[in-house]
1. Checking residue 220 against (1) closer than 26 Å to residue 264 by Cβ; (2) more than 14 Å from the ligand (Cβ to nearest atom), only one condition comes out false. Which one?
2. Specify the residue that is farthest from the chain's Cα centre (by Cα); the eligible residues are those in the range 100-116 that are under 18 Å from residue 86 (Cβ atoms) and not in a strand (DSSP E or B).
3. Going through the range 291-313 one residue at a time, which ones are buried (at least 18 other Cβ atoms within 10 Å of the Cβ) and not hydrophobic (A, V, I, L, M, F, W, C)?
4. How many of the residues in the range 121-154 are away from the ligand (no atom under 16 Å from the Cβ) and either of a type in the set (S, T, N, Q) or over 19 Å from residue 70 (Cα atoms) (or both)?
5. So which residues in the range 178-222 are under 24 Å from residue 127 (Cβ atoms) and in a helix (DSSP H, G or I)?
6. Hey, does the range 156-165 have a residue that's part of a helix (DSSP H, G or I), surrounded by fewer than 24 Cβ atoms within 10 Å (Cβ to Cβ), away from the ligand (no atom under 16 Å from the Cβ) and modelled with pLDDT of 95 or more?
7. Return the residue satisfying two criteria in turn: it lies in the range 166-177 and is within 16 Å of the ligand (Cβ to nearest atom) and assigned to a helix (DSSP H, G or I), and of such residues it is surrounded by the most Cβ atoms within 10 Å (Cβ to Cβ).
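The values are calculated or read from the model by the stated rules, or taken from the named source; none is laboratory data. Bear in mind the structure is a predicted one, so any value in this text is a computation, not a measurement. All Cβ positions, glycine included, derive from the backbone under ideal geometry; neighbour counts span all protein chains shown.
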Amino acid sequence: MTALFGLLADEFVETAARAVKEAGEPSYRIDQLRRWLYERTPQAFSDMEGLPRSLRDHLAETFVLHPLDYDLDMLSEDGTRKFLWQREQGNDAGRIESVLIPDGDRVTYCISTQAGCPVKCTFCATGYGGFSGNLSTAEIIDQVVQIRTRTSLAPTNLVFMGMGEPLLNFDGLLRALSIMTDSRQLGFGSRRITVSTVGIPERIRQLSRAFPQVKLALSLHAVDQGLRDELVPLNLKYPLDEVLDAVREHCDATGKKVTFEYVILPGVNDSADDAKAVASKVRGIPASINLIGFNPFDEAPYRKPSLKSMLAFRDELDGSFAGDVTLRRSRGEDIQGACGQLSLKNRPAT
Ligand code: SF4
């Protein structure tokens, strides 16, 4: 069955028109359905009051409304709320996560694009949880609409920083961005969307062309080739120098800054020399740098950094890098807040 949330705006109109006609209803029902779908999003077609019962029944027989089943959610003492969803396939590897992060007036949804991740970064819980495939466009959109409906907190920002490498599910990502930003669908501002990647040069270029207003974040974590190969194995295929060339082109083409993400791993990438090397490597790129303290989990071979060592690294970097350097608060640690930790923690024993 077709999942309506996977359809681009024109495809939706065509598909809805056919269904409405089959149910013997007038064409103004198409717009009623569109509003229900993108603006209010109930749990089931049967809840779409105002549509005739016969049309609701026909829609339920013909289409999938929510491809993700709600599994559980956990609320952190800092307000961060993490959701675990079960994919329709129904196996454990099909569980995915999304996170809602409130911060003053901002409400950020952190969205997944893959079930697990094939990149296997050594500091990331998702990488240890295996990989079972790309999410469909409808599954990406469903995270947004289900969180919105379940919390009544509409997002002010959307970040693709959940499970998976977004640029490895490129078609799904581009379609989702279209549905998120089209005024006939979710109508979300492109400027408030961030795509975070470990770096695939040609796809960064394509993304810049297709959605120049969407912000780019690059997971840096190391600038030494050997260390980055180890931490971010996709670096073996797409070396950092090539990635940074694409990032420079992105900044030139879009007029936007990029954000470099850097997870601090004690004794691995947090020396004063590391800080100087980072500043030197990205010099000339309009950017800010987000430092994130590593959030430990059982499988990872790293320790949690002390606040003192993180501040020392930040100060060292701040002294040699021209852009903003921020030390990001770790959110939702009490609920396995980092990407992939909740699903790893809730895997049934084998
Ligand atoms: S950090 Fe991103 S790319 Fe690396 S394993 Fe985790 S989800 Fe995948």
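1. (2)
2. So the residue we want is 113.
3. Answer for the range 291-313, where residues must be buried (at least 18 other Cβ atoms within 10 Å of the Cβ) and not hydrophobic (A, V, I, L, M, F, W, C): 293, 295, 302, 305.
4. Summing the residues that are away from the ligand (no atom under 16 Å from the Cβ) and either of a type in the set (S, T, N, Q) or over 19 Å from residue 70 (Cα atoms) (or both) in the range 121-154 gives 6.
5. Those that are under 24 Å from residue 127 (Cβ atoms) and in a helix (DSSP H, G or I): 201, 202, 203, 204, 207.
6. For the range 156-165, residues part of a helix (DSSP H, G or I), surrounded by fewer than 24 Cβ atoms within 10 Å (Cβ to Cβ), away from the ligand (no atom under 16 Å from the Cβ) and modelled with pLDDT of 95 or more: absent.
7. Our first condition is that a residue be within 16 Å of the ligand (Cβ to nearest atom); within the range 166-177, this holds for 166-170, 172-173.
From the residues that got through so far, the ones that are assigned to a helix (DSSP H, G or I) too are 166-168, 170, 172-173.
Values: 166: 26, 167: 23, 168: 20, 170: 18, 172: 22, 173: 28.
Once the filter is applied, the top-ranked residue is 173.
Quick grid of which residues meet (1) surrounded by 14 or more Cβ atoms within 10 Å (Cβ to Cβ); (2) modelled with pLDDT of 95 or more; (3) out of contact with any Phe, Trp or Tyr (no Cβ under 6 Å at 6 or more places or on another chain); (4) not assigned by TED's automatic domain parsing to the domain that holds residue 115:
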{"residue": "51", "(1), (2), (3), (4)": "yes, yes, yes, yes"}
{"residue": "55", "(1), (2), (3), (4)": "yes, yes, yes, yes"}
{"residue": "76", "(1), (2), (3), (4)": "yes, no, yes, no"}
{"residue": "84", "(1), (2), (3), (4)": "yes, yes, yes, no"}
{"residue": "87", "(1), (2), (3), (4)": "yes, no, yes, no"}
{"residue": "90", "(1), (2), (3), (4)": "no, no, yes, no"}
{"residue": "94", "(1), (2), (3), (4)": "yes, no, yes, no"}
